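Participant: Questions regarding the structure given below will be posed in turn.
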Amino acid sequence: MTQTSGGDVRLSGISKTYGSFTAVHPLDLTVPAGSFFALLGASGCGKTTTLRMIAGLEDPSTGTVELDGRDVTALPPYKRPVNTVFQNYALFPHLDIYENIAFGLRRRGIKSVKKQVEEMLDLVELGPMARRKPQQLSGGQQQRVAVARALINHPRVLLLDEPLGALDLKLRRQMQLELKRIQTEVGITFVHVTHDQEEALTMADTVAVMNGGRVEQLGAPADLYENPATTFVANFLGTSNLIEAEVVTAGGDELLLTAGETKLRLPAGRCRTTARTGGTVLAGVRPEKISLTHADDAGGIAEGRNRLPGRIRDAGFLGVSTQYVIESPGAGRLSVYEQNVERDPRLVPGADVVLHWSPAHTFGLDASQDIGAGADTGEEAA
Amino acid sequence: MTTSTEAPPPAAPGDAPEDAPRARGRAARKRLVPYWLLLPGILWLVVFFAAPLVYQASTSVQTGSLEEGFKVTWHFATYWDALGEYWPQFLRSVGYAATATVLCLVLGYPLAYLIAFKAGRWRNLVMILVIAPFFTSFLIRTLAWKTILADGGPVVGVLNSLHVLDVTSWLGLTEGQRLLATPLAVVCGLTYNFLPFMVLPLYTSLERIDPRLHEAAGDLYARPVTTFRRVTFPLSMPGVVAGTLLTFIPAAGDYINAELLGSTDQKMIGNVIQSQFLRVLDYPTAAALSFILMAAILAMVTIYIRKSGTEDLV
């Protein structure tokens, strides 16, 4: 299956409305050939609808779907060179595993399916299960059958709709690696829909974060995490501390901000909004980028770091790290993850501390957004 | 000391002999609960099914006459005589019932499919329309068909002017310019009366099919027709089997349709049994015919279920 490298998907102005409800706002999206692309978002954000429009299971209200430069918008699902791994798998209960996997080949009139089916059964390590019925298999095995049933057709694009949602945590981790391995092996374009940010970050080359029927941000996992463009992305992917700050000086390579009494510095290149002197921005920093020092030792903190005074409200020991909740005047409640390398015994609730971090780890967001967007819907990454 | 019947505590040795039998008694009563629950149903079956069956079986091997009384003489020849005399009615019954069953399937499947997948918010309304005929009696509905198919009625008129009746009478389904008192009328009546028994099980099994299986089949290059042939229809087989049985079995033993819509040439085995019992008063022959019909249906149903591969249905 070396020649079956994947195809690219291009969505232009695609949207879907149900009556007065807009599931997907007009959307442009390009999935490069051979990539592992994830559509990430909370339930109801339009990610599954987008996937179903690529598969042809849903007719877009506007816009076009192109596969390898060919407009397939008007084609029914059975004429599109894409296959889907359905949520809950949708295996045919009346057919055994072998016939489930052979289904697509047989429909295309291929007579000798034996060799290919057996190859595919080996790939997903289900050879001995060939003559069982789907309901006799465990969840993880059914999931692998669903992948095999789709992959055997050498689709240009494989669509995965929350394929791991029904599995328990341990099995899910295992299948994530398995899917990633298969994708690297067959080189087919994968479009993966998930609400699990960790799944998207570990598996995908490119992640599109969707919210309310729109793509909020698109990029490589590390890029999305380090440089969120909106408060939704900042809160939905991991945790962010967002501090409302006033711009003191704009222009130049660095912005100078004040939050309450303290001054903060923000690289101009990491500010996602046009900052004017006297205006407001949201200064963000990830909890693991912040260091904690007891207030008595504040003199030892290197010059040029952003610093904020505060008092420990709560400390949670997590083994590898400790999670602190800090109340800071002017910045509100902040979250800090400290690696448990050399624990300072004075860092207990009630202690006065100074939070400090490199200005390069600060990012700036438009202050007109909802500061808490995406905070409750995303799972907190420890 | 408290006497607790709920949970005997690990009590002093003196208590044990008193509590142990009590606990045993409770366990025994618990075991008997299922049988008590079964009892009303079993009583009903014994009184209204098993007992009449045994009585009929004994009747079928009796000889005698109404005046002299019937006695059990183990006269099994009644069975052969009855079969020898009435085999055309047996064949006709099976033929009519089978035709009506096939017609019910052909008419009922699209209807059940429509209700299950396409009716949307009209689903309940269409369901009510399907079962609406049950609000009037079987007899009255069949009598109504007598009016509908009557000579000189609108149906005959229309079919006549379209020359449909010429074709059906050439096929031997009707005779001359009339519908009533023809095989076609009896089969139509049977089909009409038993259609809901086909539609309801079909609907139940179609409705249970996950619509994502249709999507999955489409996604795997199956055209709509292939999806139906390879996925929908096989998955609806329990409904097809249940529906055909619920249609065929009562239709084969029916006599009202043949009585009201047919003539003497369309008599089914049900009519023969009825007249043997109530007019000729030859009870042994009537009982023997009933048993032959029962055995024949049982045999056909068994073969059918084996062939359709849905043994787990029964």
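The values are calculated or read from the model by the stated rules, or taken from the named source; none is laboratory data. As the structure is a computational prediction, the values presented were derived from the model and not from experiment. Backbone-built Cβ (ideal geometry, glycine too); neighbour counts: all protein chains shown.
Participant: Going through A:L75, A:L57 one at a time, which residue ends up being at the interface with chain B (Cβ under 10 Å from one of its Cβ atoms), without any contact (Cβ under 8 Å) to a residue 60 or more places away in the chain and not in a strand (DSSP E or B)? Lay out the reasoning, then the answer.
Facilitator: Working: A:L75 fails: at the interface with chain B (Cβ under 10 Å from one of its Cβ atoms).
Of A:L75, A:L57, the one residue that is at the interface with chain B (Cβ under 10 Å from one of its Cβ atoms), without any contact (Cβ under 8 Å) to a residue 60 or more places away in the chain and not in a strand (DSSP E or B) is A:L57.
Participant: List the number of the failed condition for B:L139; all other conditions in (1) surrounded by 15 or more Cβ atoms within 10 Å (Cβ to Cβ); (2) in contact (Cβ under 8 Å) with a residue 24 or more places away in the chain hold.
Facilitator: Of (1) surrounded by 15 or more Cβ atoms within 10 Å (Cβ to Cβ); (2) in contact (Cβ under 8 Å) with a residue 24 or more places away in the chain, only one is false for B:L139: (1).
Participant: Something else now. Which of the residues spanning the range A:102-122 are in contact (Cβ under 8 Å) with a residue 24 or more places away in the chain and either among the small types (G, A, S) or within 10 Å of another protein chain (Cβ to nearest Cβ) (or both)? Please lay out each step first, then the result.
Facilitator: Our first condition is that a residue be in contact (Cβ under 8 Å) with a residue 24 or more places away in the chain; within the range A:102-122, this holds for A:102-105, A:107-108, A:116-117, A:120-121.
Within the range A:102-122, A:A102, A:F103, A:G104, A:L105, A:R107, A:R108 meet the criteria.
Participant: Can you name the condition, by its number, that B:P154 falls short on among (1) out of contact with any Pro (no Cβ under 7 Å at 6 or more places or on another chain); (2) in contact (Cβ under 8 Å) with a residue 12 or more places away in the chain; (3) not hydrophobic (A, V, I, L, M, F, W, C)?
Facilitator: (2)
Participant: Given the condition modelled with pLDDT of 95 or more and surrounded by fewer than 15 Cβ atoms within 10 Å (Cβ to Cβ), answer yes or no: does some residue in the range B:57-79 qualify?
Facilitator: Checking the range B:57-79: not a single residue is modelled with pLDDT of 95 or more and surrounded by fewer than 15 Cβ atoms within 10 Å (Cβ to Cβ).
Participant: Within the range A:7-19, can one find any residue that is among the acidic types (D, E) and either in a loop (DSSP other than H, G, I, E, B) or crowded, with 21+ Cβ neighbours inside 10 Å (or both)?
Facilitator: Kept after step one, since they are among the acidic types (D, E), are these residues of the range A:7-19: A:8.
So of that shortlist, the ones also either in a loop (DSSP other than H, G, I, E, B) or crowded, with 21+ Cβ neighbours inside 10 Å (or both) come out as A:8.
Checked the range A:7-19: at least one residue is among the acidic types (D, E) and either in a loop (DSSP other than H, G, I, E, B) or crowded, with 21+ Cβ neighbours inside 10 Å (or both).
Participant: Something else about it: Consider B:A242 carefully, then state whether it is under 23 Å from B:W80 (Cβ atoms) and either surrounded by 20 or more Cβ atoms within 10 Å (Cβ to Cβ) or over 16 Å from the mean Cα position of the chain (by Cα) (or both). Break it down stepwise before answering.
Facilitator: Working: under 23 Å from B:W80 (Cβ atoms): no; either surrounded by 20 or more Cβ atoms within 10 Å (Cβ to Cβ) or over 16 Å from the mean Cα position of the chain (by Cα) (or both): yes.
Here the answer is no, as B:A242 does not meet what is asked.
Participant: Just wondering, is there one or more residues in the range B:150-157 that are away from chain A (no Cβ under 14 Å), within 24 Å of the chain's Cα centre (by Cα) and more than 20 Å from A:A90 (Cα to Cα)? Please lay out each step first, then the result.
Facilitator: Here is the first cut: in the range B:150-157, the ones away from chain A (no Cβ under 14 Å) are B:150-157.
Those left that are additionally within 24 Å of the chain's Cα centre (by Cα): none.
Within the range B:150-157, none of the residues are away from chain A (no Cβ under 14 Å), within 24 Å of the chain's Cα centre (by Cα) and more than 20 Å from A:A90 (Cα to Cα).
Participant: Here are some conditions: (1) surrounded by fewer than 16 Cβ atoms within 10 Å (Cβ to Cβ); (2) assigned to a strand (DSSP E or B); (3) basic (K, R). A:R276 meets all but one. Which one does it not meet?
Facilitator: (2)
Participant: May I ask you to say which residue of B:V225, B:V187, B:V199, B:V231 is crowded, with 23+ Cβ neighbours inside 10 Å and within 14 Å of another protein chain (Cβ to nearest Cβ)? Steps first, answer last, please.
Facilitator: Details: B:V225 fails: crowded, with 23+ Cβ neighbours inside 10 Å; B:V187 fails: within 14 Å of another protein chain (Cβ to nearest Cβ); B:V199 fails: within 14 Å of another protein chain (Cβ to nearest Cβ).
Every option except B:V231 fails the conditions.
Participant: Where in the range B:198-294 are there helices (runs of 4 or more DSSP H), lying wholly inside it, with at least 3 residues that are within 30 Å of B:P133 (Cβ to Cβ)?
Facilitator: On the way: elements: B:211-219, B:224-227, B:237-253, B:256-261, B:269-275.
Those helices (runs of 4 or more DSSP H) span B:237-253, B:256-261, B:269-275.
Participant: Is the range B:273-282 home to any residue that is buried (at least 19 other Cβ atoms within 10 Å of the Cβ), in contact with a helix residue (DSSP H, G or I) (Cβ under 6 Å, 6 or more places away or on another chain) and either in the same structural domain as B:P234 (by TED's automatic domain parsing) or at pLDDT below 90 (or both)?
Facilitator: The answer is yes, given that some residue of the range B:273-282 is buried (at least 19 other Cβ atoms within 10 Å of the Cβ), in contact with a helix residue (DSSP H, G or I) (Cβ under 6 Å, 6 or more places away or on another chain) and either in the same structural domain as B:P234 (by TED's automatic domain parsing) or at pLDDT below 90 (or both).
Participant: Restricted to the range A:123-134, and to residues that are out of contact with any Phe, Trp or Tyr (no Cβ under 8 Å at 6 or more places or on another chain) and in contact (Cβ under 8 Å) with a residue 12 or more places away in the chain, which residue is farthest from the other protein chains (Cβ to nearest Cβ)? Step through it out loud before you land on a result.
Facilitator: If we filter the range A:123-134 for residues that are out of contact with any Phe, Trp or Tyr (no Cβ under 8 Å at 6 or more places or on another chain), which is where we start, we get A:123-129, A:132-133.
Imposing the further condition that a residue be in contact (Cβ under 8 Å) with a residue 12 or more places away in the chain reduces the set to A:123-126, A:129, A:132-133.
On the way: A:L123: 18, A:V124: 16, A:E125: 22, A:L126: 18, A:M129: 19, A:R132: 17, A:K133: 12 Å.
The extreme case among them is A:E125.
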